Each structure stands twice: as structure tokens, then as C-alpha cells.
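The values are calculated or read from the model by the stated rules, or taken from the named source; none is laboratory data. Owing to the predicted nature of the structure, the values given are computational and were not obtained by experimental measurement. Note that each Cβ is placed from the backbone with ideal geometry, even for glycine, and that neighbours are counted across all protein chains shown. Please note that ligands, DNA and RNA were not included when accessible areas were found on the heavy atoms of the full protein model with its side chains. Shrake-Rupley method; radii C 1.70, N 1.55, O 1.52, S 1.80 Å.
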Amino acid sequence: MNTLKKWGIALVAAIAALSLVFLFRDELKPGPTLEDFSGATELHPVVEEKKNKLVQKASDRGISIVITEGFRSKEEQDKLYAKGRTEEGNIVTQSKGGQSYHNYGLAIDFAIQLKDGQVIWDMEYDGNNNNQSDWMEVVDIAKNLGFEWGGDWRGFKDYPHFQMSPENITNDTR
């Protein structure tokens, strides 16, 4: 093969490779990390919107829920982490300040609210009388909205907890 033909083939291959880079450039970028959300002082707008949809969709099924926690500062997180360790109470979290999605505005906690206003964390309760646990109905709604559920975690289970990973925040179209 002559030199000119080799250079021509090499040039076509280089152009094709460069075209693929431009075509897939968004997929080649690394996704966001928690650090990208480190300046949060409240729930991220996407999480806020999904939280409101969760409350409404649960209500549409006859289930009243309350959001018991949203954004939490790293200092507040450290105080929670101390419970059951260096402070009185039961262990309620495995995350120190900076390790929880709450610290980045990407997590919420919920509970069921009864008609009399009482708030419960009963995973078996069926207040809408459809032979399904209200708790698990809320979990299904949340998952369909793009939340991850702490009850699916290996090890420490956090049943009232929903979070959105950073990559789901930027790629969310629901």
C-alpha cells in the first residue's frame, strides 16, 4: 500500500474517532458527586418538587404523610450520629456530618399521619383499607418518582428515608 493511501485511511479513522467523541461527549463526562451539592442549605429544587409530588400522590391514595426531615446541617447530623453512642438514645443513623444525603439537600424522611394528627412509623398500618401497607404504598410512589429507599440498603436499614443520588438529580426527566 502506498504512503498516500495509508495516510488517507489514517485520516478517515481519526475523523471517525473524533466524531464519536463529539457524539458521545455527554456520556463521557463524569457525573456529579455529592461535593457538587456541598453548598446546600435547603432541599435541592428537584427533591423539593418530588417531595411535594410524593405527598400529593400518597394523599390521592388516601394516605396522609408528613415529611419529618429534609435538609440537615453537618452539625445536626453529628448530633444525630452521637445518639446511642456518646449521647442518650438509640442509634438512628450510620452517617456522620458530611456523609448523609440530608447534608446536601438530597434526602427526606417521612412518617404516616393518622386522621387524629398522630404521627406513626408503623410499616404494617393500612389506613386506606386496601389490604396493602400504607408504608409500602408510599415507598412504591417514591421509587416511581426516582427516590432510592433506605429500606433497600444492605446492613443498616433506614425505613423512613428517601434520597436522590446526584446523577438522578441532573438526569431526571419525570
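A few points about this structure:
- Cβ-Cβ distances below 7 Å connect no pair with a first residue in the stretch 127-141 that is farther than 20 Å from residue 108 by Cβ and free of Cβ contacts under 8 Å to residues at least 60 places away in the same chain, a second residue that is aromatic (Phe, Trp, Tyr) and open to solvent by less than 40 Å² (accessible area, probe 1.4 Å), and a separation of six or more residues or different chains.
- Taken together, 155, 98, 151 contain a single residue that is without any contact (Cβ under 8 Å) to a residue 24 or more places away in the chain and surrounded by fewer than 17 Cβ atoms within 10 Å (Cβ to Cβ), which is 151.
- Test: residue in the stretch 71-84 that is of a type in the set (Lys, Arg) and more than 25 Å from residue 46 (Cα to Cα): yes
- Test for residue 141: is it modelled with pLDDT under 95, part of a helix (DSSP H, G or I) and either of a type in the set (Phe, Trp, Tyr) or open to solvent by less than 20 Å² (accessible area, probe 1.4 Å) (or both): no
- When 117, 98, 146 are checked against the criterion of being on the phi > 0 side of the Ramachandran plot and within 12 Å of the chain's Cα centre (by Cα), a single residue qualifies: 146.
- When residue 117 is tested against the conditions (1) free of Cβ contacts under 8 Å to residues at least 12 places away in the same chain; (2) farther than 20 Å from residue 58 by Cβ, the lone failure is (2).
- Being open to solvent by 60 Å² or more (accessible area, probe 1.4 Å) and polar (S, T, N, Q) is a description that does not apply to residue 168.
- Filtering the stretch 144-173 to residues that are closer than 25 Å to residue 35 by Cβ and in a loop (DSSP other than H, G, I, E, B) leaves 145, 146, 147, 153, 154, 155, 156, 158, 164, 165, 172, 173.
- Close pairs from the stretch 82-95: first closer than 20 Å to residue 155 by Cβ, partner in a loop (DSSP other than H, G, I, E, B) and open to solvent by 90 Å² or more (accessible area, probe 1.4 Å), Cβ under 6 Å, at least 6 apart: 84/90
- Of the listed requirements (1) in contact with a helix residue (DSSP H, G or I) (Cβ under 6 Å, 6 or more places away or on another chain); (2) part of a helix (DSSP H, G or I), residue 125 misses just one: (2).
- Subset of the stretch 28-80 (residues that are in a helix (DSSP H, G or I), closer than 22 Å to residue 99 by Cα and open to solvent by 70 Å² or more (accessible area, probe 1.4 Å)): 35, 36, 45, 74, 75, 76, 78, 79
- Odd one out for residue 88 among (1) at pLDDT 70 or above; (2) surrounded by 10 or more Cβ atoms within 10 Å (Cβ to Cβ): (2)
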